Amino acid sequence: MYSNGDHISEDGQFQDHMEHEVPVQIYLERNHRDIGYVERFTPSFIKVNSTYYNRSLYTFVSRPGY
């Protein structure tokens, strides 16, 4: 499915991570901001750990097995 470190950005990828409870790590530029499970997503935001992250500002990375 996804490898550790894969960048994710498409709705289908976020849906997979949410359905299969695969953690995502969130970066702002090159700085780690958060890690957790996708709770919800919209065309503009991803909700992780009760926080909404703007999809155009943050980078989302798959972390299976975390």
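The values are calculated or read from the model by the stated rules, or taken from the named source; none is laboratory data. If you're wondering where the values come from, they're calculated on a predicted model, not measured in any experiment. Cβ placement follows ideal geometry from the backbone for every residue including glycine, while neighbour counts extend to all protein chains displayed.
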ask   = Got a sec? Which strands (runs of 3 or more DSSP E) wholly within the chain have at least 3 residues that are in contact (Cβ under 8 Å) with a residue 24 or more places away in the chain and under 9 Å from the mean Cα position of the chain (by Cα)?
value = 24-28, 58-62
task = Check whether at least one residue in region 21-28 is surrounded by fewer than 17 Cβ atoms within 10 Å (Cβ to Cβ), among the polar types (S, T, N, Q) and at pLDDT 95 or above, and report yes or no.
result = no
